[in-house]
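**Q** Structure provided below as structure tokens; questions to follow.
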Amino acid sequence: MSRVQLALNVSDLEEAVSFYSRLFDTTPAKRKPGYANFEVADPPLKLVLIEGEVGGTLNHLGIEVDSGEEVEAAEARLRSDGLATTGVDDTTCCFATKTETWVDDPDGAPWEVYVKTGDAEVMSPSAGCC
């Protein structure tokens, strides 16, 4: 199963969690300081909320896939279609370990194609995540 990921910057995490819980009739799958994510079944969506940035703005977009092989295939396809990607990396970001590749749309919106490989206790080992 693949699903689209939407990562939003929010100014007040508690208020945003309350709103999106009611909007999608579900509770967060993961809560950490300054961070929450929802695994919405209908419509299939991974909604990520990141506190501390300018609220109501896009942080990044993504496509969650089931395996590292799917990430590698997506990266190869994007690259063969002439798009600049970051290559495939194993990383820690958003309180998870992941295998991922990134590409920017024509206006600079960042998209990641990723598979979650585990949970992590930190947002990122460095400040550059998300």
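**Q** What is the range 51-130 by shape, rounded, prolate or oblate, if you read a ≥ b ≥ c off the alpha carbon gyration tensor as root eigenvalues and call it rounded for a/c under 1.5, prolate for a/b larger than b/c, and oblate otherwise?
**A** On the way: a/c = 2.20, a/b = 1.20, b/c = 1.84.
It is oblate, given that a/c is not under 1.5 and a/b is not larger than b/c.
**Q** Apply the Karplus parameterisation 6.51 cos²θ - 1.76 cosθ + 1.60, with θ equal to phi minus 60°, to every residue of the range 28-41 and state each ³J(HN,Hα) to the nearest whole Hz, in sequence, with x for glycine and proline.
**A** Result, rounded to whole Hz: x, 7, 8, 10, 9, x, x, 8, 8, 9, 10, 10, 7, 7.
**Q** Under 5 Å between amide H atoms, partner at least 5 residues away or on a different chain: which partners does Ile63 have, H built in plane at 1.01 Å?
**A** Amide H neighbours of Ile63: Gln5, Glu112, Val113, Tyr114.
**Q** In the range 1-102, carbon and sulfur make up what percent of the accessible area (probe 1.4 Å)? Walk me through the numbers on the way to the answer.
**A** Values: 2740 of 5320 Å².
Roughly 52 percent, rounded to a whole number.
**Q** To continue, here is another question. Over all directions, what mean area does the Cα convex hull of the range 1-120 project, stated in square nanometres? Don't skip to the answer; put the middle values down first.
**A** Details: hull surface 29.7 nm².
Its Cα hull, projected and averaged over all orientations, spans 7.4 nm².
**Q** Along the charge dipole of the range 4-130, which of Leu6, Ala29, Ser124 sits closest to the positive end, that is, farthest toward it, with unit charges on the beta carbon of Lys, Arg, Asp and Glu (+1, +1, -1, -1)?
**A** Farthest towards the positive end: Ala29.
**Q** In whole Hz, what ³J(HN,Hα) sequence does the range 57-69 give by Karplus (6.51, -1.76, 1.60; θ = phi - 60°), x for Gly and Pro?
**A** Here the 3J(HN,Hα) series is 10, 6, 8, 6, 10, x, 10, 8, 10, 8, 8, x, 4 Hz.
**Q** For every helix of n ≥ 4 consecutive DSSP H residues, a contribution of -39,500 (n - 2.57) applies; sum these over the chain, divide by its total residues, and give [θ] at 222 nm rounded to the nearest 500 deg cm²/dmol. Let's see the in-between values first.
**A** Details: 2 runs with 25 residues, N = 130.
-6000 deg cm²/dmol, from helical runs alone.
**Q** Rounded to whole Hz and in sequence order, give me ³J(HN,Hα) for the range 86-100 from the Karplus expression 6.51 cos²θ - 1.76 cosθ + 1.60, θ = phi - 60°, writing x for Gly and Pro.
**A** 8, x, 8, 10, 9, 8, 10, 7, 6, 6, 8, 8, 8, 10, 8
**Q** Then there's this: Residue farthest toward the positive end of the dipole of the chain, with Cβ of Lys/Arg at +1 and Asp/Glu at -1: which of Ala84, Ile50, Ile63?
**A** Checked the options; the winner is Ile50.
**Q** Of all DSSP beta bridges in the chain, what percent run antiparallel (nearest 5)? Don't skip to the answer; put the middle values down first.
**A** Working: 31 of 42 bridges.
Taking every DSSP beta bridge with both residues in the chain, the antiparallel ones total about 75 percent.
The values are calculated or read from the model by the stated rules, or taken from the named source; none is laboratory data. If you're wondering where the values come from, they're calculated on a predicted model, not measured in any experiment. Every residue, glycine as well, gets a Cβ built from its backbone with ideal geometry; the counts of neighbours run over all protein chains shown. Each accessible area value is taken on the protein alone, full model and side chains, heavy atoms only, with ligands, DNA and RNA left out. Shrake-Rupley method; radii C 1.70, N 1.55, O 1.52, S 1.80 Å.
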